[in-house]
């Protein structure tokens, strides 16, 4: 966060009335520091306070120097995808459960943000994924993902069939519940639940994790961040597969669709309290070393 902070964007958890008090307190604190505050329209609709009308994320993105997100990791994932192209650094205030990314607790919000604004912080760049769905030679859907791009079966319990390519080279043909392509950030999310490894967030790498493969020897693979992963839906007609982006947006797939996943040209810049330790976060959130 090298640039001078003059305008701050504030984003709250979507459709959650409990954020109102936190947003009001944060906005007043920022204004007392002579900072201009922009609130996104979904958040403004919830708080009902006289801070002026909210703006769309596309409009705010071009105006702000810093984004503060009040919610959980899901809220941060959602906002980060929209702000990545503007290279806006992000601070996360946790109102959720796990808080891997939103590492400032709400009760200490103004105290911690004051330290950050005074220059006491650490910053890190996180890899963002970009996905494309190709159907009959045409791109029919594009999306970013901060955590993962997952191809999975539909509402039926039957397996789906697909092929995986890395850098244009055939890797394998698989039957199973699906496959996850995750960033290092996403390695502690869905991919971890499916048996994937934990990647340090600084690694320039992507992890590919099968979901309940029919062949038990089909194991997770870690590849370089510049790799292009291609997943081709094959097999029986009307498999009813779908692809999801960070578990928040979904798109129905058809047989022979091709899903391409690569590193986005944009990264996500996260701002943390200076004392934060990634391994301490893992110990706390994953319960390492607890007595039972």
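Within the stretch 153-171, the set of residues being part of a strand (DSSP E or B), at pLDDT below 95 and surrounded by fewer than 21 Cβ atoms within 10 Å (Cβ to Cβ) comprises just one member, 161.
To keep it simple, each residue is scored yes or no on (1) free of Cβ contacts under 8 Å to residues at least 24 places away in the same chain; (2) assigned to a loop (DSSP other than H, G, I, E, B); (3) surrounded by fewer than 19 Cβ atoms within 10 Å (Cβ to Cβ).
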{"residue": "26", "(1), (2), (3)": "no, no, no"}
{"residue": "29", "(1), (2), (3)": "no, no, yes"}
{"residue": "34", "(1), (2), (3)": "yes, yes, yes"}
{"residue": "43", "(1), (2), (3)": "no, no, no"}
{"residue": "46", "(1), (2), (3)": "no, no, no"}
{"residue": "78", "(1), (2), (3)": "no, no, no"}
{"residue": "99", "(1), (2), (3)": "no, yes, no"}
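For (1) surrounded by fewer than 17 Cβ atoms within 10 Å (Cβ to Cβ); (2) out of contact with any helix residue (DSSP H, G or I) (no Cβ under 8 Å at 6 or more places or on another chain); (3) touching a residue at least 24 places away in the same chain (Cβ under 8 Å), each residue gets a yes or a no:
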| residue | (1), (2), (3) |
| --- | --- |
| 247 | yes, no, yes |
| 253 | no, yes, yes |
| 256 | yes, yes, yes |
| 259 | no, yes, yes |
| 277 | yes, yes, no |
| 283 | yes, yes, no |
| 287 | yes, yes, no |
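Any residue that is crowded, with 23+ Cβ neighbours inside 10 Å and modelled with pLDDT under 90 - is there at least one of those in the stretch 120-135? No: the stretch 120-135 contains no residue that is crowded, with 23+ Cβ neighbours inside 10 Å and modelled with pLDDT under 90. Does residue 73 satisfy the criteria of being crowded, with 22+ Cβ neighbours inside 10 Å and in contact (Cβ under 8 Å) with a residue 12 or more places away in the chain? Against the criterion (crowded, with 22+ Cβ neighbours inside 10 Å and in contact (Cβ under 8 Å) with a residue 12 or more places away in the chain), residue 73 qualifies. In the stretch 196-234, the qualifying residues are those that are in contact with a helix residue (DSSP H, G or I) (Cβ under 6 Å, 6 or more places away or on another chain) and part of a strand (DSSP E or B), and the one that is surrounded by the most Cβ atoms within 10 Å (Cβ to Cβ) is 209.
The values are calculated or read from the model by the stated rules, or taken from the named source; none is laboratory data. As the structure is a computational prediction, the values presented were derived from the model and not from experiment. Please note: Cβ atoms are built from the backbone with ideal geometry, for glycine as well, and neighbour counts cover all protein chains shown.
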